[in-house]
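Trainee: This structure is in structure tokens; I'll ask about it shortly.
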Amino acid sequence: MKSLPSYINLLQSGELFNRAEIALQKLKSCNCCPHNCKVDRTKNEYGTCASGYLPIVSSFTPHFGEEPVLSGTNGAGNIFFGNCNLKCIYCQNYEISQNWKVEHIHEVTHEKLADIMLELQRRNCHNIGLVSPTHFSAAILKAIYLAAQKGLSLPIIYNTNGYDSVEMLKIYNRVIDIYLPDFKYGDSEYAKKYSNAENYFEHTKEAIRAMFKQVGDELIYDGDVIIRGLIIRHLILPNGLADTEKIFKFIAEELSTKVHISLMSQYYPTNKAYKGVLLDRKLRESEYERAIELLHKYNLENGWIQEMDSNDYYRPDFINNRTNPFNN
């Protein structure tokens, strides 16, 4: 018998409804992420993420470009949320993450978001992938509750930039079965300069620690696709700007050497990367090879690496193709 995702138990006990209500209350003085803007988003006051009460769904589609254990044969059911709580000058999804004046026309109700989840389930996706969910985490939890009432039974992936509120992650405990955080920087000065994130390294360490506490270091499979676990993504930046060794040292010494790492080589200068002279070029093979050496140094042997030409084909087009931006 196929195991059910964790949120089904919370639905049946009534706890999922309670969690959703608690999360929505946080929007009255928003602290959904470490920016702690304290604006009243229930009145559509804007903070750093330039987002109000309702979620913005820029695109949703079966996606085949995630790690193989997530995409499987039928694709991950990805929902791409507009706007973002980070402002990475090299963001590959900048067309939806930093274009708030346009993306607001894609605002949807909680009920509509629930229907989108159910539509992806009907299209036989293996899971529901929440891409850039942090700033809409309260609204998403309400939608999960509504969708679960109508029969949603897929595991949910929390695909985040890592700049998350530990308190909000606690509310998501036993709701999310698969955590897929980025760990972008081991140096908070670079994070502030290139992503407008204060104390990124410290906040992200605590967020990922909370995720690890919830799901551990083992990946649980149903066939070739995982239904529970933690995968930490790390994008190598040119000129050592990601400070990779500090990140790997933290994972190995404070979490577990069994944690799965997805080491990404797909960086290319886009968005406003030209404004940072150290970011205005592709990754060099020697830089990626150095990162692989660091994986071995810290005995982080589980996970995936990318081919160096990945930056040529991982180039979404949200402007011209909302229904299939990755040309799957």
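Trainee: ILE247: assigned to a helix (DSSP H, G or I) and buried (at least 16 other Cβ atoms within 10 Å of the Cβ), yes or no?
Mentor: yes
Trainee: Do the conditions hold for LYS213, that is, is it more than 30 Å from LEU11 (Cα to Cα) and of a type in the set (D, E, K, R)?
Mentor: So LYS213 fails the test.
Trainee: Here's a follow-up. If the Cβ limit is 6 Å and pairs must be 6+ apart or interchain, which residue in region 36-65 that is of a type in the set (Phe, Trp, Tyr) pairs with which residue that is outside any loop (DSSP other than H, G, I, E, B) and surrounded by 18 or more Cβ atoms within 10 Å (Cβ to Cβ)?
Mentor: These pairs meet every condition: TYR53/ARG41; PHE60/ILE79; PHE60/ILE116; PHE64/SER71.
Trainee: Regarding region 252-274, can at least one residue be identified that is at pLDDT 95 or above and touching a Cys at 6+ places or on another chain (Cβ under 7 Å)?
Mentor: Within region 252-274 (the criterion being at pLDDT 95 or above and touching a Cys at 6+ places or on another chain (Cβ under 7 Å)), the answer is yes, since at least one residue qualifies.
Trainee: Which of the residues belonging to region 271-328 are assigned to a loop (DSSP other than H, G, I, E, B), closer than 16 Å to ALA242 by Cβ and either touching a His at 6+ places or on another chain (Cβ under 7 Å) or in contact (Cβ under 8 Å) with a residue 60 or more places away in the chain (or both)?
Mentor: Selection gives GLY276 alone.
Trainee: Does any residue of region 205-212 turn out to be farther than 30 Å from LEU4 by Cβ, of a type outside the set (Phe, Trp, Tyr) and touching a strand residue (DSSP E or B) at 6+ places or on another chain (Cβ under 8 Å)?
Mentor: Quick first cut of region 205-212, residues farther than 30 Å from LEU4 by Cβ only: 205.
Among the residues that remain, those that are also of a type outside the set (Phe, Trp, Tyr) are: 205.
Subset that is touching a strand residue (DSSP E or B) at 6+ places or on another chain (Cβ under 8 Å): none.
No, region 205-212 has no match at all.
Trainee: Where residues in region 24-40 are assigned to a helix (DSSP H, G or I) and touching a helix residue (DSSP H, G or I) at 6+ places or on another chain (Cβ under 7 Å), which of them is surrounded by the most Cβ atoms within 10 Å (Cβ to Cβ)? Working first, answer last.
Mentor: To start, the set of residues in region 24-40 that are assigned to a helix (DSSP H, G or I) comprises 24-29.
Next, from what is left, pick out any that are touching a helix residue (DSSP H, G or I) at 6+ places or on another chain (Cβ under 7 Å): 24, 26-28.
On the way: LEU24: 17, LYS26: 18, LEU27: 22, LYS28: 14.
Among those that are assigned to a helix (DSSP H, G or I) and touching a helix residue (DSSP H, G or I) at 6+ places or on another chain (Cβ under 7 Å), it is LEU27.
Trainee: Out of the residues in region 166-186 meeting the condition of being assigned to a strand (DSSP E or B) and not hydroxyl-bearing (Ser, Thr, Tyr), tell me which one is farthest from ALA76 (Cα to Cα). Write out each step before concluding.
Mentor: Going residue by residue through region 166-186, those that are assigned to a strand (DSSP E or B) are 178-182.
Applying the additional criterion that residues be not hydroxyl-bearing (Ser, Thr, Tyr) yields 178, 180-182.
Values: ILE178: 12, LEU180: 13, PRO181: 16, ASP182: 17 Å.
So the residue we want is ASP182.
Trainee: Suppose we keep only residues that are among the basic types (Lys, Arg) and surrounded by fewer than 24 Cβ atoms within 10 Å (Cβ to Cβ) within region 166-208. Which one would you say is farthest from the chain's Cα centre (by Cα)? So that I can check it myself, show each step before the final result.
Mentor: Of all residues in region 166-208, those among the basic types (Lys, Arg) come to 170, 174, 184, 192-193, 205.
Imposing the further condition that a residue be surrounded by fewer than 24 Cβ atoms within 10 Å (Cβ to Cβ) reduces the set to 170, 174, 192-193, 205.
Values: LYS170: 16, ARG174: 17, LYS192: 19, LYS193: 21, LYS205: 15 Å.
Residue satisfying both the conditions and the ranking: LYS193.
Trainee: Can you tell me which residue among ILE89, ILE96 is closer than 18 Å to ASP317 by Cβ, in contact with a helix residue (DSSP H, G or I) (Cβ under 8 Å, 6 or more places away or on another chain), in contact (Cβ under 8 Å) with a residue 60 or more places away in the chain and not hydroxyl-bearing (Ser, Thr, Tyr)?
Mentor: Working: ILE89 fails: closer than 18 Å to ASP317 by Cβ.
Within the list ILE89, ILE96, the selection yields ILE96.
Trainee: Hey, another quick one. If you go through region 210-238, how many residues are in a helix (DSSP H, G or I) and loosely packed, with under 15 Cβ neighbours inside 10 Å?
Mentor: Looking only at that region, the number is 1.
Trainee: Here's something else I'd like to know. Considering region 99-145 alone, what residues qualify as being of a type in the set (Val, Ile, Thr) and in contact (Cβ under 8 Å) with a residue 24 or more places away in the chain?
Mentor: As a first pass, look at region 99-145 and keep what is of a type in the set (Val, Ile, Thr): 102, 105, 108-109, 116, 128, 131, 134, 140, 144.
VAL108, THR109, ILE116, ILE128, VAL131, THR134, ILE140, ILE144 - these are the residues of region 99-145 that are of a type in the set (Val, Ile, Thr) and in contact (Cβ under 8 Å) with a residue 24 or more places away in the chain.
Trainee: Check region 7-23 and report whether any residue there is among the basic types (Lys, Arg) and not in a loop (DSSP other than H, G, I, E, B). Show your work before the answer.
Mentor: So the first thing to find is which residues in region 7-23 are among the basic types (Lys, Arg), and the list is 19.
Keeping just the survivors that are not in a loop (DSSP other than H, G, I, E, B) gives 19.
Within region 7-23, one or more residues are among the basic types (Lys, Arg) and not in a loop (DSSP other than H, G, I, E, B).
Trainee: More than 25 Å from TYR145 (Cα to Cα), aromatic (Phe, Trp, Tyr) and assigned to a helix (DSSP H, G or I): does that describe TYR194? Spell out the reasoning first.
Mentor: Working: more than 25 Å from TYR145 (Cα to Cα): yes; aromatic (Phe, Trp, Tyr): yes; assigned to a helix (DSSP H, G or I): yes.
Against the criterion (more than 25 Å from TYR145 (Cα to Cα), aromatic (Phe, Trp, Tyr) and assigned to a helix (DSSP H, G or I)), TYR194 qualifies.
Trainee: Say we look at region 288-321 and pick out the residues that are within 18 Å of PRO238 (Cβ to Cβ) and among the aliphatic types (A, V, I, L, M); which of these is surrounded by the most Cβ atoms within 10 Å (Cβ to Cβ)? Break it down stepwise before answering.
Mentor: Of the residues in region 288-321, the ones within 18 Å of PRO238 (Cβ to Cβ) are 288-294, 305-312, 314-315.
Retained after the next criterion (residues that are among the aliphatic types (A, V, I, L, M)): 291-292, 294, 305, 308.
Working: ALA291: 23, ILE292: 13, LEU294: 18, ILE305: 15, MET308: 15.
The extreme case among them is ALA291.
The values are calculated or read from the model by the stated rules, or taken from the named source; none is laboratory data. Remember, predicted model here, so these are calculated numbers, not experimental data. Here the Cβ is made from the backbone with ideal geometry for all residues, glycine too, and neighbour counts use every protein chain on show.
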